[in-house]
Amino acid sequence: MYAQEVKSTGKGVKSLEEMEPQERAFQEKIDADIKIEPKEWMPEGYRKTLIRQISQHAHSEIVGQLPEGNWITRAPTLERKAILLAKVQDEAGHGLYLYCAAETLGISRDQMTEQLLSGKAKYSSIFNYPTLTWADIGAIGWLVDGAAIMNQVPLQRCSYGPYSRAMVRICKEESFHQRQGYDIMMKLVKGTTEQKEMAQDALNRWWQPSLMMFGPSDKDSVHSAQSMAWGIKQNTNDELRQKFVDQTVPQAEYLGLTVPDPDLRWNEEKGGYDFGEVDWSEFYEVLKGNGPCNAERMAARQKAWNDGAWFREGLMAHAKKREARKVAAE
Ligand code: BYC
């Protein structure tokens, strides 16, 4: 049983024997790969973990529109602009499905927004870096969406039904996003010397932050053991980071670009790349709000919330009027 296996890692995961009957029945369902649906009983910790992860995922999609949105008006061609617009709209859609999935667990959209704006809820560290050149749009699609796919494909098998179903559609769209990013990089490396340098510079700046997207190393991950026992996560952070490096290094080679890591080398024995230690002090600084763009991102979301007040009030007034008309007609 998974729960027992994880317990041996010493991260405080209960074994089946230690569980009360209701919790044991729940865990057995998860171990048998049966999805958990919104109205069913679930341990409070499972519900809270899902709300935390799904809402933070939704916030990441919404905040993730900002660095790319920065280039919509400056895309080099009409075609590139149309593609980028479609991608950024997809991110908004992802945020909306995910907020809906989280709402099935008993939290409202307003509560989630409040948690984001007060700084209680996180969003992915990656979106606190600036997009300085057009090549950054290529690097985001290639690396950031590439990392997102690596992390999200296993989430399609998440034990919670609404999250796993939302992930199916999201993953299809992420594949398009990754392809468009790689296509931009291909174009740049075949261009002028300056364009190739721009592509290399973008890879240099986005490589480490992309590795950080997978979360802290396994020894420092707080939630992985319990989330894996509950079938929320299927893999540890380090496993996914390794897969990402193994998949991406040959893609960089094909582009003729150099991955900015002097310790990167193929390890025949393990059948994967060894790579340098991630700069965890930078990761934790970004999480604390001290990344290059944290303040800018939060200010943009706060402004959007304030600017939307008249619209939310209008919708509420309309809903109240409709309700009153319905009651009067009964
Ligand atoms: N950034 O115990 P751990 C996208 C936090 S959107 C910030 O390993 P867990 C896209 C973690 O939340 C991509 N915080 O946690 C959109 C926890 O703090 P709390 C977003 C991070 O949850 C637009 C603490 O560190 N993807 O692709 O087991 C354009 C300890 O970590 C980060 C998702 O959200 C981070 N990078 O594992 C383009 C996927 N990493 O919550 C692209 C869903 C860790 O206790 N989420 N933390 O305060 C997950 O798979 C997991 O939540 C994580 C972390 C792997 C991220």
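Would you check if there is a residue in the stretch 203-213 being free of Cβ contacts under 8 Å to residues at least 60 places away in the same chain and within 18 Å of the chain's Cα centre (by Cα)? Give the steps one after another, and end with the answer.
Taking the stretch 203-213 first, the residues free of Cβ contacts under 8 Å to residues at least 60 places away in the same chain are 204.
Adding the requirement that they be within 18 Å of the chain's Cα centre (by Cα) leaves none.
No: zero hits.
Does Phe176 meet the test of being among the aromatic types (Phe, Trp, Tyr), out of contact with any Phe, Trp or Tyr (no Cβ under 9 Å at 6 or more places or on another chain), in a helix (DSSP H, G or I) and within 14 Å of the ligand (Cβ to nearest atom)?
Working: among the aromatic types (Phe, Trp, Tyr): yes; out of contact with any Phe, Trp or Tyr (no Cβ under 9 Å at 6 or more places or on another chain): yes; in a helix (DSSP H, G or I): yes; within 14 Å of the ligand (Cβ to nearest atom): yes.
Considered against the rule, which asks whether it is among the aromatic types (Phe, Trp, Tyr), out of contact with any Phe, Trp or Tyr (no Cβ under 9 Å at 6 or more places or on another chain), in a helix (DSSP H, G or I) and within 14 Å of the ligand (Cβ to nearest atom), Phe176 comes out as yes.
What's the number of the only condition in (1) more than 22 Å from Leu16 (Cβ to Cβ); (2) more than 9 Å from the ligand (Cβ to nearest atom); (3) within 21 Å of the chain's Cα centre (by Cα) that Pro76 fails to meet?
Tallying (1) more than 22 Å from Leu16 (Cβ to Cβ); (2) more than 9 Å from the ligand (Cβ to nearest atom); (3) within 21 Å of the chain's Cα centre (by Cα), Pro76 fails exactly one: (3).
Keeping to the stretch 26-66, report how many residues are modelled with pLDDT of 95 or more and in a loop (DSSP other than H, G, I, E, B).
The number of residues fulfilling the criteria is 11.
Just need a number here: residues in the stretch 85-101 that are farther than 17 Å from Arg301 by Cβ and not basic (Lys, Arg). Can you show your working first?
Kept after step one, since they are farther than 17 Å from Arg301 by Cβ, are these residues of the stretch 85-101: 85-87, 89-90, 93, 97, 100-101.
Subsequent filtering for residues that are not basic (Lys, Arg) retains 85-86, 89-90, 93, 97, 100-101.
Matching residues across the stretch 85-101 total 8.
Sort out which residues of the stretch 84-123 are out of contact with any Phe, Trp or Tyr (no Cβ under 7 Å at 6 or more places or on another chain), of a type in the set (A, V, I, L, M, F, W, C) and away from the ligand (no atom under 14 Å from the Cβ), and write them in order of number.
The answer is Cys100, Leu105, Ile107.
How many residues does the stretch 282-330 contain that are assigned to a helix (DSSP H, G or I), in contact (Cβ under 8 Å) with a residue 40 or more places away in the chain and of a type in the set (A, V, I, L, M, F, W, C)?
Number satisfying all stated conditions: 6.
Could you check the stretch 214-256 and list, in sequence order, the residues that are under 27 Å from Ile36 (Cα atoms) and within 7 Å of the ligand (Cβ to nearest atom)? Lay out the reasoning, then the answer.
In the first step, residues of the stretch 214-256 are kept if they are under 27 Å from Ile36 (Cα atoms); the result is 214-215, 218, 221-240.
Residues satisfying the conditions are Phe214, Gly215, Ser221, Val222, His223, Ser224, Ser227, Lys233, Asn237.
Quick one: what pairs do we get from the stretch 119-145, first residue part of a loop (DSSP other than H, G, I, E, B), second basic (Lys, Arg) and within 10 Å of the ligand (Cβ to nearest atom), C-beta under 9 Å, 6+ apart or different chains?
Filtered contacts from the stretch 119-145: Ala121/Arg52; Lys122/Arg52.
Among the residues of the stretch 9-64, which ones are among the β-branched types (Val, Ile, Thr), over 19 Å from Cys158 (Cβ atoms) and within 13 Å of the ligand (Cβ to nearest atom)?
Taking the stretch 9-64 first, the residues among the β-branched types (Val, Ile, Thr) are 9, 13, 30, 34, 36, 49, 51, 54, 62-63.
Then drop every residue that is not over 19 Å from Cys158 (Cβ atoms), which leaves 9, 62-63.
Once the filter is applied, which keeps residues that are among the β-branched types (Val, Ile, Thr), over 19 Å from Cys158 (Cβ atoms) and within 13 Å of the ligand (Cβ to nearest atom), the stretch 9-64 yields Ile62, Val63.
With the condition kept exactly as written, say whether any residue in the stretch 73-88 is assigned to a helix (DSSP H, G or I), under 15 Å from Thr113 (Cβ atoms) and at pLDDT 95 or above. Spell out how you get there, then give the answer.
So in the stretch 73-88, the residues assigned to a helix (DSSP H, G or I) come out as 73-74, 78-88.
With the extra rule that they be under 15 Å from Thr113 (Cβ atoms), the set shrinks to none.
No, the stretch 73-88 contains no residue that is assigned to a helix (DSSP H, G or I), under 15 Å from Thr113 (Cβ atoms) and at pLDDT 95 or above.
Among the residues of the stretch 149-157, is any more than 15 Å from the ligand (Cβ to nearest atom), in a helix (DSSP H, G or I), at pLDDT 95 or above and of a type in the set (D, E, K, R)? Write out each step before concluding.
Taking the stretch 149-157 first, the residues more than 15 Å from the ligand (Cβ to nearest atom) are none.
No.
I'd like the residue in the stretch 103-138 that is more than 30 Å from Arg80 (Cα to Cα) and of a type in the set (Ser, Thr, Tyr) and, out of all such residues, is surrounded by the fewest Cβ atoms within 10 Å (Cβ to Cβ).
Per the criteria, the residue is Ser118.
The values are calculated or read from the model by the stated rules, or taken from the named source; none is laboratory data. Source: prediction; values computed, not measured. Quick reminder, even Gly has a Cβ in these numbers, built from the backbone with ideal geometry, and neighbours come from all protein chains shown.
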